Amino acid sequence: MFSRRDTLKISLALSAMGLSAAPAFAWKTGEPEEKISCDILVVGSGIAGTVAALQAVEDGAKVLMIDKASENQRGGNSRVCLGSFLMPENNSPEARKAFIEDVKKKSLGGGRTDLYEVLADNILDSVKWAESNGAAFEPWLQQAPWNVGVRIASPGQYRGMPKLLKTLFDKYIEKGGKVLFKTKAKQLLVNKHGAVDGAICQTDKGLLQINAKAVILGTGGYSANREMLEAAHPGGANILIRGNKFITGDGIRLAQEVGAGTMGMAGVESLHLPVVFNGPQGRGSPTRALPYCLGINAEGK
């Protein structure tokens, strides 16, 4: 089963196609002084976490979102991405089939067709849902010569994602959702049946235990974690990657610590590599970069 937040997250990641605080580790703790409860605990405030939290509130759940970042740094890597959502032109069987075939070609056969099918079947409805909550997107734009296309968060590339995140986050708060910033999940809680039912978190005031009926990890990838980069991409520890410094693979580690397995970790990040000088000026990555080449700026760097 794939949720709306999965659909939007897959679309955003795949559209890049060549798509960055310390990580979490298991540790023993004393008894937290404060304990609170909710129906759904959402870890992370990027597009995945925000959409999951908003959908859960709409479904009638008592939801708490947490993020280790401060409020003015809300949004994770979603905040600094291009903001183009990959999708077919329409919901016709022909358009969906052409979309799936093109994404298979663009990924050189290395991706998961089942995810492309989920995306083709759900992304248009998911964007309509976001629009019903106040989000705005630019008209569908074909990525010639492909049949695939994108709708970019308004008002345009890079500028649209902070606005989209704010719109959906504000709607989440308006509908009764709660949030705690500077709250870092350090350990998942597992009940006697083996189900995850909360987390122990680190805050400025000390340890906080959050009990929940379900936990959603929307913590993103690992592009700011040099150890995980090296493990997935030998030599990757020395790569300069555009992205948020908080993206340290916390959710992956937290899940592993309670028995989750991982596979295919190389490439799941869809890494953006900055091919221009990473200095005080000229920081960033061209939107149409060529692989295996160097970029030289006007200063010859």
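Rolling a 1.4 angstrom probe over the protein heavy atoms with all chains in place gives segment 67-226 an accessible area of 49 Å² per residue. Between the alpha-carbon centers of segment 122-177 and segment 218-265, tell me the distance in whole angstrom. Result: 26 Å between the Cα centres. Toward the positive end of the charge dipole of segment 38-182, with +1 on the Cβ of Lys and Arg and -1 on the Cβ of Asp and Glu, the farthest Cα among G75, A130, T50 is that of G75. Among 100-111, 167-178, sorting by the average number of other beta carbon atoms lying within 10 angstrom of each residue, highest first, gives 167-178, 100-111. Each peptide among 189-198, 49-58, 147-156 gets the average number of other Cβ atoms lying within 10 Å of its residues, and from highest to lowest they stand as 49-58, 147-156, 189-198. In terms of Cα atoms, the Rg and Dmax of segment 63-125 work out to 15.9, 45 Å. Expressed as a whole percent, the accessible surface of segment 185-257 that belongs to carbon and sulfur atoms is 52, based on a 1.4 Å probe. Charge tally for G176 (other residues, Cβ to Cβ under 13 Å; Lys, Arg +1; Asp, Glu -1): -1. The magnitude of the dipole of segment 138-193, with charges of +1 and -1 set on the Cβ of Lys/Arg and Asp/Glu and taken from the Cα centre, is near 440 debye.
For L180, the residues whose modelled amide H falls within less than 5 Å of its own, excluding neighbours fewer than 5 places apart on the same chain, are M65, I66, D67.
Each 10 Å bin from zero up to the one holding the largest Cα-Cα distance in segment 104-261 carries the following percent of pairs: 8, 23, 35, 28, 6, 0.
Here the gap between N72 and K301, fully extended at 0.36 nm per residue and compared with their Cα-Cα distance, gives a gain of 79.2 nm.
Given +1 at the Cβ of Lys and Arg, -1 at the Cβ of Asp and Glu and no other charges, the dipole of segment 69-168 around its Cα centre is 380 debye to the nearest 20.
The values are calculated or read from the model by the stated rules, or taken from the named source; none is laboratory data. All values derive from a computational prediction rather than experimental measurement. Ideal geometry is used to build each Cβ from the backbone, glycine not excepted, and the neighbour counts take in all protein chains shown. Keep in mind that these areas ignore ligands, DNA and RNA; they rest on the heavy atoms of the full protein, side chains included. Shrake-Rupley method; radii C 1.70, N 1.55, O 1.52, S 1.80 Å.
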